Amino acid sequence: MSALLRRLPLAAWAIVLVAFLHGAAWSVLTPSFQGADEIAHWGYVQYVGETGKTPDRSSRFAEPARDALAVLDGMPWSIDGQPSWSEEADRRTDALVDRLDDDRANRIDKDGAAYQASNPPLYAYAMAVPYRVTGWFGGDVLDRMLAVRLASSALGALAVLFVLLLLRELFPRRRLAWYVGGLAVALQPVFGWLIGSVNNDIPVLVSGAALLWLVARTHRRGLSPGIAAGLGAAVAVGLLSKVSAYGLVAVLAWSLVFLVWRERARWRSAVPLAGLALAVAVVPLLVLDLVRDIGAATPAPDTGVVREGAAATVADPAAAAPSRSPRDFLSYLWQFWLPRLPFMDDQFSTYPTYPVWETYVQAFAGRFGWFAYGFSPEASRGMVVVLAALIAGAGVALWRRRVALRARFGLIVALVGGFVGYAVMVNLRGWQYRIDTRGENFEQVRYLFPMIGLYGALVGAALLALPDRWRRTAVVLVVLAATLHVLASWGVTLQRYYM
Amino acid sequence: MVVDGADRPVTVPPDPVVPGRRPVPPSPVTPPPDDPRAPRRPSRPGTAAGWAALALAVAAIVVLLAIPFVGAATGRVEGLLSSNTQVRVSSSATVLEPGDRACVRGVYVPDGARVVRVYPGYVAERSPTLRFTVRGDGGRVVAGRATRFATGEPLLVDLGPLPTSASATVCVHNRGPSGVSLAEARGHFGAAEARPPIRVGILSGDHPRAVALVDDALERAGLFKSGIVTPALIVLLGLAVLVGVVGALVLVLRDEEGPSS
């Protein structure tokens, strides 16, 4: 691995640095606690950072520690905040936080993690390091939060490194393709916003990107004990950070089928290696589950979040619980992605338009905060054009190379099928969540981000559809457009919170 | 044998024995790089005219892409000075029957404030008369009324110069004849709140251009965060991203196409 990293060109490291800076910029721009579910994620990190133990209760309501609560109460732009951008209120809050920080008891509340407490603790333990180090230097809750956000940005940059490694496997002789794919990921605004917050989705991004890279590497170089353990470890990191990362197991299992098939001539060694990969992936979580009741009775969040715009949905407490039959899930799945057929019950009646458009496409164009603001639907339509152009370009590139790509057909099916499987698993979780909460929506675009390496691959493949002489120009234009997208996202954020 | 994306099958060489070294392809006739006979890397598009055309194309696209930015930056915004929330759609509302009054305490009213904003939900065919009062810290009261307004539209009432206060009290009194629902500022811990306050905003009454508010916005962005987060740091990190992108792009374009490892 170290030799592999040493061979990475400087340009690749520059892209990783851009990803970190992108996340860091978001971490100072986004108001405290305005990342998605950041109150509860912070409560988890803070409890682990202070006590070294995991919170043992899942509560529907977040009850932050007193110092965090002081910030929440003092902030003007939180959903429940007191008014104003008053500097006096800021000073008052700072003074209060300083005073509270003197007593450790004010930094501990075992209900601070609320509905996140049922998640495994790997991310919280990792983030407890910057949390504690900042405390040693006299940092208060706001300093610690910034440190954790920056550490999360570094994790996000690590995910981009794995994306670049994936793209290198996919385009071994086309550096521009993997560079442009890496830059597209590093500059994706929702990705940057997410990694600049406190959120246990971030290690799952790393996990997903590493998994895809190892799958591609294995297809080129074969399955070995080291790679099998690596595949499993990549998934284990995600599973030990977030329960709903179990979609990664589906990706791994699907990929292993193709890897074993590819090495069917020596199946006696390939099958045990596949078993090793699966064991490394899931055994740590199973062991942890014996110690701690992971994922049990995850309560629905009740954050009082009011979602602005089209995706706004509020559970109807009087509504009957949806059925748990497989047929209903298939109907749910169909309606999420495609127009509802006449014989289907409407499962998305609260959506003004199509769920996939609002939840994934519009949000990929840019929805931030508690997914409460972003670009207008009109502006978001540009993303449809972009994605359509990328898919068409990638399709053309693949078609032109169809003869040469026959030997890599298994890898393409493994990756595309892995994405489909992962997306279906997110929908499955969404369907379960909807049943548990009697109608609330679960799916968000960030849950697909563990597969964001494939977005980079799409951009890279689309570049190969162009004649060679135009590729550098295209790279400049793609990076220019991505940068303007970032600037526009910062603009709407400034307007949302500070104007 | 595997196949890469270059339209031809290739044999993937094993990892090099010496870490950090690439296998060097045999090239007995290649002169050293400092030799004047050494081949130059072809520049693309290759000619001055080609570069000019490329520059023009990039410039045109930059201008096209920049139009919405310029429009957004020079567009006018509401001039919001203070609010107990900025979320504009409510899932809960307080119904004010004729004679009812709802008050919000602790409202920050900075200099230059004139307008109070609330969000009526449902309004009967004949809208009620709402009386607004703003009581400042010093006891000074400013009042005004709204008589005709529509469902679903933010209601803005210009009360004239409001008393500058760190913690004013804003009240809405329904004078009838019909009831009205007003959006609430329900909190994260809404279930624990006996009765959430209604949403109010305090506005300047003018509509400044967004670009004119960037300074203020950056100042505000530094509040309620770590002490090291200042407007200068925010700008610096933003610039660092842009510089990083340019640097990465230069490195990317300089990098020769070829095997990546």
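The values are calculated or read from the model by the stated rules, or taken from the named source; none is laboratory data. Predicted model only: the values in this text are computed from it and were never measured. Neighbour counts are summed over all protein chains in view; Cβ atoms, including those assigned to glycine, are modelled from backbone coordinates with ideal geometry.
Counting only helices (runs of 4 or more DSSP H) that sit completely within segment A:172-237, those holding 3 or more residues that are within 24 Å of residue A:273 (Cβ to Cβ) and touching a residue at least 24 places away in the same chain (Cβ under 8 Å) correspond to A:201-221.
On the stretch given as segment A:414-441, residues that are closer than 12 Å to residue A:329 by Cβ and not in a helix (DSSP H, G or I) total 0. With the structure loaded, tell me whether residue A:460 is assigned to a helix (DSSP H, G or I), within 14 Å of chain B (Cβ to nearest Cβ) and in contact with a helix residue (DSSP H, G or I) (Cβ under 8 Å, 6 or more places away or on another chain) or whether it fails that test. Yes, satisfied.
Any residue in segment B:64-83 that's at the interface with chain A (Cβ under 7 Å from one of its Cβ atoms): show its pairings with residues that are surrounded by 14 or more Cβ atoms within 10 Å (Cβ to Cβ) and assigned to a loop (DSSP other than H, G, I, E, B) at Cβ separation under 6 Å, as long as the two are six or more apart or on different chains. Taking only residues 6 or more apart or on different chains, the pairs are B:77/A:499; B:82/A:83; B:82/A:84; B:83/A:83.
Each row is one residue, and each column tells you yes or no for (1) at pLDDT below 85; (2) more than 7 Å from every other protein chain (Cβ to nearest Cβ).
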residue: B:181; (1), (2): no, yes
residue: B:186; (1), (2): yes, no
residue: B:195; (1), (2): yes, yes
residue: B:207; (1), (2): yes, yes
residue: B:213; (1), (2): yes, no
residue: B:252; (1), (2): no, no
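Please verify whether segment A:176-196 includes one or more residues that are surrounded by fewer than 24 Cβ atoms within 10 Å (Cβ to Cβ) and out of contact with any Phe, Trp or Tyr (no Cβ under 9 Å at 6 or more places or on another chain). Checked segment A:176-196: at least one residue is surrounded by fewer than 24 Cβ atoms within 10 Å (Cβ to Cβ) and out of contact with any Phe, Trp or Tyr (no Cβ under 9 Å at 6 or more places or on another chain). The set of residues in segment B:221-254 that are part of a helix (DSSP H, G or I) and more than 19 Å from the chain's Cα centre (by Cα) comprises B:243, B:244, B:245, B:246, B:247, B:248, B:249, B:250, B:251, B:252, B:253, B:254. The single condition from (1) on the phi > 0 side of the Ramachandran plot; (2) buried (at least 22 other Cβ atoms within 10 Å of the Cβ) that residue A:438 fails is (2). Taking the listed residues A:125, A:131, the one that is crowded, with 22+ Cβ neighbours inside 10 Å and touching a residue at least 60 places away in the same chain (Cβ under 8 Å) is A:131, with no other qualifying.
What single numbered condition from (1) assigned to a helix (DSSP H, G or I); (2) in contact (Cβ under 8 Å) with a residue 12 or more places away in the chain fails to hold for residue A:465? In the conditions (1) assigned to a helix (DSSP H, G or I); (2) in contact (Cβ under 8 Å) with a residue 12 or more places away in the chain, residue A:465 misses (1) alone.
For residue A:143, the conditions (1) touching a residue at least 40 places away in the same chain (Cβ under 8 Å); (2) within 14 Å of chain B (Cβ to nearest Cβ); (3) part of a helix (DSSP H, G or I); (4) crowded, with 19+ Cβ neighbours inside 10 Å are fulfilled apart from (1).
Is it the case that residue A:452 is at pLDDT 90 or above, crowded, with 20+ Cβ neighbours inside 10 Å and closer than 29 Å to residue A:337 by Cα? Yes; evaluated as a whole, the condition is true for this residue.
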